[in-house]
1. Under the rule of at least 5 residues apart or a separate chain, name every residue whose amide H is placed under 5 Å from the amide H of G63.
2. Please report, in debye to the nearest 20, how large the charge dipole of the chain is about its Cα centre when each Lys and Arg carries +1 at its beta carbon and each Asp and Glu carries -1 there.
Amino acid sequence: MTSLQRKPVLSPGQIQSLIDYVARIAPGPAIPPVDTQGADIAAGRQLFINNCAACHGADAAGGSVGGGFVAPSLHNAASSTVGEAMMTGPGPMPVFRLPIRQIDEIAAYIGYLQSAPTPGGFSLGGLGPVPEGFVAGAVGLVLLLLLVGWVARRPHP
């Protein structure tokens, strides 16, 4: 559980009872049987970029959609949650009528992002290129100032 997630208030049995009750009142699509085993992650990446990245960000970290809505981070989302959200379109999210194979591929790509390596070095929490560039610039400026101070203090012949 991350620092942003809280312990569930309801027990798993109570949650299932609530799901059953709501399903009787307003039936909706069934939770898709998402299976990421053997899914094409490269195809999932392209589908994610085309359908999801505009709101959730290229690295699935979430972001502002507008009108007070915020697309949540998908870094802790279960595959079944991704599939269910695509089928139901919660909040301002549209309903995606994609074949289950493509939902599997998107969920597999999101799963990959959750454990993706950072070959470029420290990821700074995956905040993106602007904050990472700012930190790199600030560190570079401090190092440059230290170098200038060191050169200025050296005795000149």
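Where a number appears in this text, it was derived from the coordinates with a stated rule and is not lab data. Since the model is a prediction, treat every value here as computed from it, not as a measurement. Note that we place each Cβ from the backbone using ideal geometry, even for glycine, and neighbour counts take in every protein chain shown.
1. Amide H neighbours of G63: A71.
2. Approximately 500 debye in magnitude.
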